[in-house]
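Beneath this line is the structure, given in structure tokens, with notes to follow.
Please treat every number below as a calculation from the coordinates, not as lab data. Please read these numbers as outputs of a predicted model, since none were measured by experiment. Glycine also receives a Cβ, built like all others from the backbone with ideal geometry; neighbour counts cover every protein chain displayed.
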């Protein structure tokens, strides 16, 4: 983790110095300067990010002359700095069509693709990309009323060229396709809320077998 240092220097003695990490409305470090030591240094060690795992599955390759699958992943669409072959103990045999990725930073968007490695060292094309979709707009506490209920813009991210379906609760509000992989695959759609229930709205997007985090709002007028 990163070390953050606050270095204080005052010109008079007997000054109390306080420092806080994180900003939780109470100080974490306290010191008092004196004539012989007018410097106070506080050092904080940040906690490592929380991590999680995900298991991906895919349809088998319709061929017999390949050795194994390679799963790829990264934090940008179609840019994969990591793959399952990085660990020789994790070779995905040609009879296996799933793989569990560990140590993924929570709340970070990841993209995944898989290829078959044929005998002789040749690779197949990448599979369709997979990713857990997200909703960028609206944020929590959005409000739908009679002025915007038939054409409310919802947007987010998903895998490249993936079909995205938008839901208010269990009611489908329509589908769209993610595009623009060079800067992250994004999607946007004007949706009609008139078929959904009034009151609290739980907005989600679904794509490549995954569901986004919920966004909470209201629909009333």
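Summary table below
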| read-out | value |
| --- | --- |
| Segment 134-219: C-alpha gyration tensor shape, a/c 1.5 cut-off, then a/b vs b/c | prolate |
| Residues 198, 78, 115, sorted so that the one with the fewest Cβ neighbours within 10 Å comes first | 198, 78, 115 |
| Quarter of Cα convex hull surface for segment 51-127, i.e. mean projection, nm² | 5.1 |
